[in-house]
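Peer 1: One structure is given below, represented as C-alpha cells, and several questions about it will come after.
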C-alpha cells in the first residue's frame, strides 16, 4: 500500500471525494469499483517512488489522470446537468473562491448604499471563506491565477486593516494615555477635533499645560511606535514569525525579511523623531 | 477560430480512436487497467486524461465487448483484468477493417494532394 505525506493524503482524499460524488450521481458503475481502479492505478504509478509520496509527486500523477469527472461518462448527460454536477462536485477551493468574491462585492456595493458599517460583516465572512479556500488548496504554488483574483482582494483589504492595528495600536494607546495622565482636564475638549487643536496650538505655540501634554503625548506615541516596531523586528523568528505568517497568510512569508528591515529602520526613525520632539519641548519651556 | 475547430476535431477523433486502441490492446491478451493505460501512452496525443480510459473499459464491459476477472496481486490490491469477449473480437475485426480502409483512403487523398501541388 502506498504511503503518502499528510499533504499528499489530503490531495488524494479530495480527489477520491470528488470521484465518489460524480459516480454516485451519474451511476453506471459502483463507487467501490471506480475507487478500486483509481487506487490500483496510483499504486502502480507510484511503485518505486520513495515513500511517503510527496504532494507534488502525487499531483503530477493526478494531473495525468485528469479531472475526477473524467472517471465517469458525462457526455450522455444534458449540458445543464453537467453544469450542476460540476458545481456540486467541483474543486472546493473554486467554490469557496467564488463565494469569497461574491461576499466582497456585495459588501462594497451595500457599503456604498447603506454606509460602510454594512461592509464589515461581509468582509469578515468573506475573509473566513477566503482563508478556507486557501486551506483547501493543497499545493499553494499551483493555485490558479483566476482563483487569486477572486480571493486576494478580500485578503488584502483585511490585512491592511490588521497591519494598521498591529503597528499602531500600542503607540496610539501609550500616546493617548500619556496625554490623559498629563492633562486630564483638557481630554474632553481635545478628544473631538484633536487634529484641529494640534494645528492651532502649533501656530500659536504657547507652551501651556495642554499643549505640552499634547506634545509629550505625541512624543510618547512616536517613541513607543519606534520601540514597538524595533521590538517586533527583533523578536521576529520563532513563534512571532509563525504567528505573523499565519495571520497574514500567504503574503507575509515571501516579503517577511524585507518588512522586518523596513520596520527596524522606521522604528529607529520614529524613536529619533520622538527624541527631537522632547528636545524641542525642553527648549521651548 | 482555427484552434477551436482543431480542438473539437481532435476530441472527436480521440473518442473513436480510444475505443479502437483499447480493444486492440486487449486483443493481444488479458490486461489490467494500468497496463492498458501504459500501452496507450505510447501513442502520442491519444490520451489526454488517463482517467478517461477506465470509464470506456466499464462501458465496453457493460456492452458485453469485454470480460473482466478479479485476481489477487502480490504487489497490492486485487487487480481487475480485462479480456476481449467473443462479440468483442468480432466487433474489433470489423472496426480494424473499416479503419484500414479509411486510413488507406485518407492517405490516397493526401498523396494526390501532394502530387497536384
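Peer 1: Name the residue that is modelled with the lowest pLDDT, counting only residues in the stretch B:12-41 that are within 14 Å of chain A (Cβ to nearest Cβ) and not in a helix (DSSP H, G or I).
Peer 2: B:32
Peer 1: Regarding the stretch B:66-81, can at least one residue be identified that is in a helix (DSSP H, G or I) and either closer than 26 Å to residue A:23 by Cα or away from chain A (no Cβ under 14 Å) (or both)?
Peer 2: no
Peer 1: Moving to a separate point now. Report whether or not residue B:47 is within 14 Å of chain A (Cβ to nearest Cβ), in a loop (DSSP other than H, G, I, E, B) and in contact with a helix residue (DSSP H, G or I) (Cβ under 6 Å, 6 or more places away or on another chain).
Peer 2: Judged against the criteria, residue B:47 is a match.
Peer 1: Answer with yes or no whether residue B:86 is more than 26 Å from residue A:1 (Cβ to Cβ), surrounded by fewer than 20 Cβ atoms within 10 Å (Cβ to Cβ) and either modelled with pLDDT of 90 or more or within 13 Å of chain A (Cβ to nearest Cβ) (or both).
Peer 2: It is true that residue B:86 is more than 26 Å from residue A:1 (Cβ to Cβ), surrounded by fewer than 20 Cβ atoms within 10 Å (Cβ to Cβ) and either modelled with pLDDT of 90 or more or within 13 Å of chain A (Cβ to nearest Cβ) (or both).
Peer 1: Which of (1) more than 14 Å from chain A (Cβ to nearest Cβ); (2) touching a residue at least 12 places away in the same chain (Cβ under 8 Å) does residue B:9 not meet, given it meets every other one?
Peer 2: Single failed check for residue B:9: (2).
Peer 1: Something else: Here are A:157, A:97: which of them is touching a residue at least 40 places away in the same chain (Cβ under 8 Å) and under 30 Å from residue A:233 (Cα atoms)?
Peer 2: Criteria check complete, one pass: A:157.
Peer 1: Could you tell me whether the stretch A:48-63 includes any residue that is without any contact (Cβ under 8 Å) to a residue 24 or more places away in the chain and at the interface with chain B (Cβ under 8 Å from one of its Cβ atoms)?
Peer 2: No: zero hits.
Peer 1: Select from the stretch B:59-79 the residues that are under 13 Å from the mean Cα position of the chain (by Cα) and without any contact (Cβ under 8 Å) to a residue 12 or more places away in the chain and list them in ascending order.
Peer 2: Matches in the stretch B:59-79: B:59 only.
Peer 1: Let me spell it out: the conditions are (1) within 19 Å of residue A:45 (Cα to Cα); (2) surrounded by 15 or more Cβ atoms within 10 Å (Cβ to Cβ), and residue B:72 meets all of them except one. Which number is the exception?
Peer 2: (2)
Peer 1: Taking the criterion of being surrounded by fewer than 20 Cβ atoms within 10 Å (Cβ to Cβ), within 12 Å of chain B (Cβ to nearest Cβ) and in a loop (DSSP other than H, G, I, E, B), would at least one residue in the stretch A:1-23 satisfy it?
Peer 2: yes
The values are calculated or read from the model by the stated rules, or taken from the named source; none is laboratory data. Please read these numbers as outputs of a predicted model, since none were measured by experiment. Cβ coordinates were reconstructed from backbone atoms using ideal geometry, including for glycine residues, and neighbour counts include every protein chain displayed.
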